[in-house]
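Below is one structure, written out as structure tokens; the observations come after it.
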Amino acid sequence: MRVSIVPESSAEASSHFGFVALVVVALLAATSTPTPALGAGGFSDVGSGDVHEPAIEALADLGVFTGTECGDGLFCPDNPIDRWVMAVWLIRVLGDEVTVAGTSRFADVDDSEWWSPYAGELADRNITAGCNTGPLRYCPDDPVTRAQMASFLVRAFGLNSAPSAGFVDTGGNTHQTNIDALAAVEITAGCNIGPLRYCPDDPVTRAQMATFLHRALLGQKERTAEAIVISDDVPDIDLNDLSTAESVNLRSFVTGDNPLLLWFWSPYCPTCQADAPTIEQFARQNSHRVTVIGINGYGTSSDVDAFMAHFGFTFTILRDSSPWVTRHYGISHWSQFWLLDRLGNRVGDGPTLFSTGRVEELLAELEASTS
């Protein structure tokens, strides 16, 4: 028989339920998990004072990690970094737009994956050739080794070769030259001393990759900030930027970062009209390698404006109305180009029709001479 115990007064009832409430609150307090405090970059698993904290914080502020988190508010700093994640981080750190679209060139990279264009961009920029052929594959879920990481960063940031760093475990390694280059600019100091080792086959953790990328980015900014000696061959002349209607000095485009491609054109020449779409496409796809500048030396303002609007140029167009710059570079007919190195020295020229093959040939020679 069930016996019901009924409080005999409202005061007793209030006291009874108050006691029960206190017990429930106490039990919840004893069993509930406290909300973890957010660390660097808004990640709860990156502790304050961690050696990799500054890099993770800095890159998180740039949006580098968006979409590559390993969980809600989690960075998983000690997990090996996958090759697909590395592609996303590296392209974002370089700061350029992803121009690759369409079908993936890699058999193991599904077009439907949001990160697929990043792997394609990495290949387009000759930073990776994939992991295997027959068919061409990228191995997106494989961890990145320390040796592979060295080659990725050296190619991405255009680092120069350097003498041996003295690592006892890199001799004969395919990536040895790039490992030495990475050490020369102090992006890595190796994995151990006594003797000095690099541990080329060890996987790179996500936290380590953040630090490597951050060091590479800081080094790039320092190298860019160094004073450069611009070639005297670059005319010290102000020209009108037709996109902004502002006066700019031609020498200001020589920054020491990328070579310059000067394309000399007029709205009236049939060759210029044929070249325009090819040059626009080339400029879009190679903005990370070369700065394309159009030099317009002839034509009425209305005709020049109509020509630019028709082809939708996204690169800088300068008006050489004198046309002093056109004569300086010996342009006798349209359309022609000159490739200048990163200091403004002439590398080579090309006549009509615009040939990406000729430009690629000159760029390859230039890149080989500075590697």
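Of the heavy-atom accessible surface of the range 165-206 (probe 1.4 angstrom), what whole percent is carbon and sulfur?
After summing per-atom areas, the C and S share lands at 48 percent.
Per-residue counts of other Cβ atoms within 10 Å, averaged by peptide: what ranking do you get for 41-50, 316-325, 229-238, 79-88, highest first?
Peptide ranking by packing, descending: 79-88, 316-325, 41-50, 229-238.
How fast does the range 214-371 diffuse by Stokes-Einstein, in µm²/s, taking the Kirkwood radius from C-alpha pairs at 20 °C and 1.002 mPa s?
For the chosen part, D equals 133 µm²/s.
Enumerate the amide H contacts of G348 below 5 Å, restricted to partners 5 or more residues apart or on another chain; note that Pro and chain-start residues carry no placed amide H.
L339
Arrange the peptides 253-263, 298-308 so that the one whose residues have, on average, the most other Cβ atoms within 10 Å appears first.
Put in order of decreasing packing, that is 253-263, 298-308.
What do you get when you divide the Cα radius of gyration of the chain by 2.2 N^0.38 Å, with N the number of residues?
Against the empirical 2.2 N^0.38 Å value, I get 1.41 for the chain.
With runs of 4+ DSSP H residues as the only contributors, calculate the mean residue ellipticity of the chain at 222 nm using -39,500 (n - 2.57) per run, divided by the residue total and rounded to the nearest 500.
It lands at -12000 deg cm²/dmol.
Can you give the Rg and Dmax of the range 50-91 based on its C-alpha atoms, in angstrom?
10.0, 25
Which net charge results when you count Lys and Arg as +1 and Asp and Glu as -1 among the other residues whose beta-carbon is under 14 Å from that of S369?
My count for the surroundings of S369 gives -2.
How many Å² of accessible area per residue for the range 222-327, probe 1.4 Å?
Value returned for the range 222-327: 48 Å² of accessible area per residue.
Alpha carbons only, please: Rg and Dmax for the range 164-221, in angstrom.
Rg then Dmax for the range 164-221, in Å: 11.4, 33.
The values are calculated or read from the model by the stated rules, or taken from the named source; none is laboratory data. These numbers come from a predicted model, not from an experiment. So basically every Cβ, Gly included, is an ideal-geometry build from the backbone, and we count neighbours across all protein chains shown. To get the accessible areas, we keep the full protein, side chains included, count just its heavy atoms, and leave off ligands, DNA and RNA. Shrake-Rupley method; radii C 1.70, N 1.55, O 1.52, S 1.80 Å.
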